[in-house]
Amino acid sequence: MNDQVALVTGASRGIGRAIAERLAAAGAEIAVHYNRDQAGAEETLARIGGRGFVLGAELGVPGDADEVLRQLQTGLAGRPLGVLVNNAAAPPNGPIDADTEAGFDRLMAVNVRAPYFLIQRLLPVLADGARIVSLSSVATRMANPGQTSFAMTKGAVETMTRTLAQELGRRGITVNAVAPGATRTEANGAVFEAPGLTELIVGQTALGRLGSGEDVAEVVAFLASPGARWITGQVVDASGGLHLGVG
């Protein structure tokens, strides 16, 4: 991936940071996107040796994609974009009786509308043969009442992945998605401190442990690599086999 530029949304922490680090290790220059955590984005950039630049834009609001494009074009300085990773997302709102119309609209705006129109706006700067990888979730194949609206948004991302793979294939652009399961990172570690939660999840995971940001980043990096040139329109489960069946 030498001399390529990769945009990773939501790269100030968590899985996004791990993806940025892995792509940088493969030789890419990273456009490190953040919403509010500029300090975190600057830390990500420092951790990859300054190979790239930081851009800040809130997603899910009017004009978000145009603002990302404006800052990205400054950083690209006339170069094409080789990889787009749609990682940024709003978290679940809870079960249907606790959800709100405002919360639902926010989920749809950040998790569905933002990546869709970001791809639209970035098409002119995407190189032929570029890679688009979006983060989905195992929530799309599980019946978890606490994540209904969240799972709906990720289902939309998976449909977007298949249809855009068909449309953009004429330019050699591959479009895939990665679906993590329970993934512990430095940003969300406290969540897994709830009594019994880690043991419950591990017991329902075929590979017998929690996932890490690095686990997911390896899958994203492969799909962004030349080795994945013949893979498109796919959703790759990166959950370690969470909820595959009865243990």
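Backbone amide hydrogens, once placed in the peptide plane, bring F53 within less than 5 Å of I30, A31, V32, excluding anything fewer than 5 places away on its chain.
With R₀ fixed at 45 Å, the C-beta to C-beta distance from V202 to R170 puts the FRET efficiency at about 0.55. Approximating the spin labels as points 7 Å out from Cα along Cα→Cβ, the A98-to-A25 distance works out to 3.6 nm. Database remark: amide H of L242 closer than 5 angstrom to the amide H of A206 (H placed geometrically; neighbours at sequence offset of 5 or more, or on other chains; Pro and chain starts carry no H). Per-residue ellipticity at 222 nm, computed for the chain from helices alone with -39500 (n - 2.57) per DSSP H run of at least four residues, works out to -11500 deg cm²/dmol.
Taking the Cα centre of the stretch 1-43 as reference, the dipole from Cβ charges on Lys and Arg (+1) and Asp and Glu (-1) amounts to some 200 debye.
The P(r) of the chain has a tail past 35 Å containing 10 percent of all C-alpha pairs. Is the C-alpha gyration tensor of the stretch 96-149 telling us rounded, prolate or oblate? Criteria: a/c under 1.5 is rounded; beyond that, a/b larger than b/c is prolate, otherwise oblate. Note, shape of the stretch 96-149 comes out oblate.
Plainly put, the stretch 185-247 has a radius of gyration that is 1.06 times its Kirkwood radius, both from alpha-carbon atoms, as the Rg/Rh ratio. Rounding to the nearest 10 and keeping the result within 0 to 90°, find how far the Cα-based axis of helix 64-76 lies from the longest principal axis of the chain. Helix 64-76 sits at roughly 50 degrees to that axis.
Below 11 angstrom from the Cβ of T185, what's the summed charge of the other residues (Lys, Arg +1; Asp, Glu -1)? Around T185, the charge tally is 0. Counted over all Cα-Cα pairs of the stretch 42-101, pairs farther apart than 14 Å make up 71 percent. For the listed peptides 224-232, 129-137, a ranking on the average number of other beta carbons within 10 Å per residue, highest first, reads 129-137, 224-232. Axis of helix 38-47 versus longest Cα principal axis of the chain: the two differ by about 80°, to the nearest ten degrees. Semi-axes of the equivalent ellipsoid of the stretch 66-197 are 30, 16, 15 Å, computed as sqrt(5λ) over the eigenvalues of the C-alpha gyration tensor in descending order.
What's the FRET efficiency of E43 with D66 using the Cβ-Cβ distance as r and R₀ = 35 Å, to the nearest 0.05? With R0 = 35 Å, the Cβ-Cβ based efficiency is 0.85.
If R₀ is 30 angstrom, what is the calculated FRET efficiency for the pair F117 and F192, using the beta carbon separation as r and rounding to 0.05? So, using R0 = 30 Å, E works out to roughly 0.35. The share of alpha-carbon pairs in the stretch 1-75 lying farther apart than 20 Å comes to 22%.
Read the figures in this text as sums done on the coordinates, not as results from a lab. Owing to the predicted nature of the structure, the values given are computational and were not obtained by experimental measurement. FYI the Cβ positions are ideal-geometry reconstructions off the backbone, even for glycines, and counts take in every protein chain you see.
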